[in-house]
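As structure tokens, the structure follows; a few thoughts come after it.
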Amino acid sequence: MAGQFLYYEYEYFQLEGIPPYPGPYLTIDSIDRYWVDVNDPNRFRYERYYRTRETEPKEGVEVSRVGTGSGGVVEECQRYEEKVECTQQALTTTLTYDEWLNNTTHLSHKFLNNINSPATIGGYEYRGIESDELWGDVHVFERRGTLSASDIYPNFPIVETLKFDVALGRTVEWRRIVIDGDKSVIHAISRLVKWELLDASAVSADLFLTREAAEK
């Protein structure tokens, strides 16, 4: 896999937003984007692009995280309004792609290793395997409860599901459904929509610069 980058995206929808967005409850859409150097997973970029739904919507990159490569630094920048705050930390360990993938899918391993156990993890119970239109066979876990922090559906019953693909153990979906009488309303959903290998020529090296280096 020489000269390649893994690119993947999660789309996120939340019916009721959270601070610091004004409201404080607003509909929010966001996309989490990741670029990972297959030869050195410590060289990566993550960013969350958000958009609120209101009369004058706010949108932009909310947070970004950049790893400059093994022996370099990881920088995280938080953005709100016109303010940008960044922190850096040294990258002191090396990482292979297989190790990175194992770390990335640790949540699914935790759940899948518990399939045949009577205990539940966080209240989730295993519901079996079903077919997903994008990712093929997926393991499905489910839990039920009530929605506490909500202006629209306070204390309404909810069903939350987690799905992990059978092939690689990736988290392909998390979904919260509110039960409103005989109606089911999607309250929040995070879904893996892209997972592809890109040639290095298709990825700009500027993506992996710290903020200071990018502004020079």
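Accessible area per residue for the chain in Å², computed with a 1.4 Å probe and the full protein assembly in place, what is it?
Heavy-atom SASA per residue in the chain reads 56 Å².
If the limit is 23 Å between Cα atoms, which of K58/K216; K83/K216; K194/K216; K58/K83 go over it?
From K58/K216; K83/K216; K194/K216; K58/K83, over 23 Å: K58/K216; K194/K216.
With labels modelled as points extended 7 Å from the Cα through the Cβ direction, what inter-label distance (nm, one decimal) is found for N39 paired with E9?
Rounded to a tenth, the inter-label distance reads 2.7 nm.
Using θ = phi - 60° and the Karplus curve 6.51 cos²θ - 1.76 cosθ + 1.60, what whole-Hz ³J(HN,Hα) does each residue of the range 98-103 get, with Gly and Pro shown as x?
Computed from phi, the couplings for the range 98-103 are 5, 5, 4, 5, 5, 5 Hz.
Just to confirm a number: summing +1 for Lys and Arg and -1 for Asp and Glu over residues other than A213 whose beta-carbon lies under 14 angstrom from that of A213, what do you get?
0
Check which residues have an amide H placed less than 5 Å from V73's amide H, if you skip close sequence neighbours.
T68, L91
Can you tell me how much longer the chain between A200 and H109 gets when fully stretched, taken as 0.36 nm per residue apart minus their C-alpha distance, in nm with one decimal?
In short, 29.7 nm is gained.
Nearest 20 debye, what's the magnitude of the dipole of the chain about its Cα centre given +1 on Lys and Arg Cβ and -1 on Asp and Glu Cβ?
360
I want the local charge near T68. Using Cβ-Cβ distances under 13 Å, sum +1 for each Lys or Arg and -1 for each Asp or Glu among the other residues.
Numbers: positive: R43, R45, R65, R211; negative: D37, D40, E75, E76, D206, E212.
For residues surrounding T68, the net value is -2.
Which residues' amide hydrogens lie under 5 Å from the amide hydrogen of N42, considering only partners 5 or more residues apart or on another chain, with H built in the peptide plane?
S70, L95
Rounded to two decimal places and with Rh computed the Kirkwood way over Cα pairs, what is Rg over Rh for the chain? It would help to have the intermediate numbers written out before the result.
Details: Rg = 19.3 Å, Rh = 19.4 Å.
Expressed as Rg/Rh, it is 1.00.
Using mean Cβ contacts within 10 Å as the protection proxy, how do 88-94, 73-79 order, highest first?
73-79, 88-94
At 0.36 nm per residue, minus the direct Cα-Cα distance, what do A90 and S70 gain on full extension? Give it in nm, one decimal, please. Mind dumping the intermediate values first?
Numbers: separation 20, 0.36 × 20 = 7.20 nm, distance 0.91 nm.
That works out to 6.3 nm of additional length.
What ³J(HN,Hα) values, in whole Hz, does the Karplus curve 6.51 cos²θ - 1.76 cosθ + 1.60 give for the range 199-216 when θ = phi - 60°, with x put for Gly and Pro?
These are the phi-based 3J(HN,Hα) values: 5, 4, 5, 8, 10, 6, 5, 5, 4, 10, 8, 5, 4, 4, 5, 5, 8, 6 Hz.
For V203, what is the net charge nearby, where nearby means another residue's Cβ is under 15 Å from its Cβ and Lys, Arg count +1, Asp, Glu -1?
-3
By how many nm would the segment from E59 to I186 grow when fully extended, if each residue of separation counts as 0.36 nm and the alpha-carbon distance is taken off?
43.5 nm
The values are calculated or read from the model by the stated rules, or taken from the named source; none is laboratory data. All figures in this text were calculated on a predicted structure; none of them were measured in a lab. With ideal geometry, Cβ positions are generated from the backbone for all residues, glycine too; neighbour counts draw on all protein chains shown. For the accessible areas, the whole protein counts, side chains as well, though only heavy atoms, and no ligand, DNA or RNA atoms are used. Shrake-Rupley method; radii C 1.70, N 1.55, O 1.52, S 1.80 Å.
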